[in-house]
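Coordinate-derived values only; no laboratory data. Owing to the predicted nature of the structure, the values given are computational and were not obtained by experimental measurement. Cβ placement follows ideal geometry from the backbone for every residue including glycine, while neighbour counts extend to all protein chains displayed.
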Amino acid sequence: MFQQTGDLMDLSRTIALILGGGRGTRLFPLTKIRAKPAVPLAAKYRLIDIPISNCINSGLNRAYVLTQFLSESLHRHLRQTYFFDHFSGGFVELLAAQETVDDGSDWYQGTADAVRKNLVHLEEDWIEHVLILSGDQLYRMDFRDMMRTHVESGAAATIAGIPVTRQDASSLGIMQVDDDGQVRGFVEKPQTEEELKTVRMDPAWIDAHGIPSHGRDCLASMGLYIFNKDVMVDMLRHTSHEDFGREVFPEAIKSHKVQVHLFDGYWEDIGTIRAFYEANLSLASKSPPFDIRNPDAPIYSRPRFLPPTIMGDAKVSGSLIADGCKIGDHVTIENSVIGLRSVIGDNVTIKDTVVMGADYIELPERLSPGRIPVGIGDGTTIQGTILDKNCRIGQNVSITNAEGIESHGETEALQVRDGIPIVIKNATIESGFRM
């Protein structure tokens, strides 16, 4: 996908705008104290690393990240990770909601409103195209391919689309395109057969464009757009639209040529706790649907200079283990993700679990008397759970949700969402606790 073909499109006149999203309520409590793009992913990354890495691997090194909620950790991560030499002109900068003379102190009212309030940053003459990306998706794409579709079609805007089944269509925005790939219709999350009928595609058209349809007869919007800058600026300045997917994109279909760029790789919208949990565990499988080890398109993140993981008499299968961990004796880890600096005691069983690790290595001599140390204590069993960062899990704890609770708690240290127990960041679970 990222092979050098000799005819790659030049993105030197393109700026990327990565939308950080709103409060991230569907990812709560992981978003209780952090912005959605700052949520940890795959043991050592953050969600924001995915779109930024796709940009860098596509030869695009100028991007703004737009967010407004709990942006401190996101800002710190961007500052410590993405810095370029003085000669390339590259940058990744955070644009948080702020009071201005023209716009007052209003918060961003949606994705389109967020871009509207930052149009001043797009006034540079060198900017010809704007690439709009989401900050909470897992995929790998060469945006030069998408730009080629945009330029060769002569479109005012281009949107990435992926074939999906009718069952999946009900949770996505579905497009109808003509024989030339121009978008002619759009329905947001169609729930009835009548709605689907207006946007359903002929699978033969999908097959003819080099993507096996395999029974998929709907084209879903991936929420990734390329706009001619002047077109996007004009649409935002002359409307009050607040959201790209629900308002700006459907309006653009009516007034401008909007082209679809077909994509058939792995793509997952990490919008819910269940989606986050399953996407992480899928990366730990023997044949993951998304290969984080691809040397042609690496995922970039913050360099941390951590020691290697120390592992005692442990049995590990189908799992990701990050740097800086300390794993004890008689430990079983199956189908799990073990994050940076995780400490796991003796006689511990961890299955089907995402452990995010810790922000620091805690020295035993500095621990207050009687306080449970950061990590997972001896004799503990954790299954089907998410442990956020810096958790202190006592000895002989059992967290398995054996009773199948679907939802529990708003302020407790241990909460349940989508049937998945979540120990929130910095929480303590006392020894002997069982769930």
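Shown in residue order for segment 75-88 are the 3J(HN,Hα) couplings computed by the Karplus curve 6.51 cos²θ - 1.76 cosθ + 1.60 at θ = phi - 60°: 4, 4, 5, 4, 5, 8, 10, 10, 9, 10, 5, 5, 9, 7 Hz (x for Gly and Pro). All other residues whose Cβ lies under 15 angstrom from that of Val92 are scored, Lys and Arg at +1 and Asp and Glu at -1, for a net of +2. Ranking of Glu430, Glu242 by neighbouring Cβ atoms within 10 Å, starting from the fewest: Glu430, Glu242.
The H on the amide N of Leu41, modeled in the peptide plane, is under 5 Å from the matching H of Arg46, Leu47, each at least 5 residues off or on a different chain.
Grab the other residues whose beta carbon is less than 12 angstrom from that of Tyr300, score K and R as +1, D and E as -1, and report the net. Net of charged neighbours comes to +2.
Seen from Met146, the other residues with C-beta closer than 14 Å to its C-beta sum to a net charge of -2, counting Lys and Arg as +1 and Asp and Glu as -1.
Taken one residue at a time, the phi angles of segment 353-367 give Karplus couplings (6.51, -1.76, 1.60, θ = phi - 60°) of 9, 9, 9, 7, x, 9, 7, 7, 9, 8, 7, x, 5, 9, 7 Hz. Gly and Pro are set to x.
Residues whose amide H comes within less than 5 Å of that of Leu224, counting only those at least five positions distant or on another chain, are Ala160 (H built at 1.01 Å from N in the peptide plane).
Axis angle, to the nearest 10 degrees, between helix 273-283 and the longest C-alpha principal axis of the chain: 80 degrees.
Convex hull volume of the Cα atoms of segment 144-237, normalised per residue: 106 Å³. Averaging Cα coordinates gives a centre for segment 165-242 and one for segment 343-422; these two points are 42 Å apart. Arranged from fewest to most other beta-carbon atoms within 10 Å of their beta carbon, Thr31, Thr411 become Thr411, Thr31. Looking at the chain, the DSSP beta bridges with both ends there are about 35 percent antiparallel. When the alpha carbon gyration tensor of segment 286-342 is reduced to an equivalent ellipsoid, the three semi-axes, largest first, read 23, 17, 7 Å. For segment 173-311, the C-alpha radius of gyration sits at 1.35 times the compact-globule guess of 2.2 N^0.38 Å, with N the residue count.
3J(HN,Hα) couplings calculated from phi for segment 167-180 with the Karplus curve 6.51 cos²θ - 1.76 cosθ + 1.60 (θ = phi - 60°) are, in sequence order, 5, 6, 4, 5, 10, 9, x, 10, 10, 10, 10, 8, 4, 8 Hz; Gly and Pro show x. A Stokes-Einstein calculation at 10 °C with viscosity 1.306 mPa s, built on the Kirkwood radius of segment 319-435 over Cα pairs, returns a diffusion coefficient of 114 µm²/s. Across the chain, C-alpha contacts under 8 Å between residues 6 or more apart give a mean separation that, scaled by the residue count, equals a relative contact order of 14 percent. Which value in Å is the Kirkwood Rh of segment 219-283 over different Cα pairs? By the Kirkwood definition, the hydrodynamic radius is 14.2 Å.
Take the cross-link list Lys351/Lys425; Lys189/Lys286; Lys189/Lys351; Lys44/Lys229 and give me the ones stretching past 30 Å between alpha-carbons. With Cα atoms farther than 30 Å apart: Lys189/Lys286; Lys189/Lys351; Lys44/Lys229. In terms of overall dimensions, segment 14-283 has a Cα radius of gyration and Dmax of 18.1, 56 angstrom.
Please report Phe249, Phe305, Phe263 as a ranked list, fewest other C-beta atoms within 10 angstrom at the top and most at the bottom.
Phe305, Phe263, Phe249
Straight-line cross-link reach from Lys36 at under 13 Å between alpha-carbon atoms covers these aspartates and glutamates, not counting any fewer than eight positions away in the same chain: Asp49, Glu72, Asp136, Asp269.
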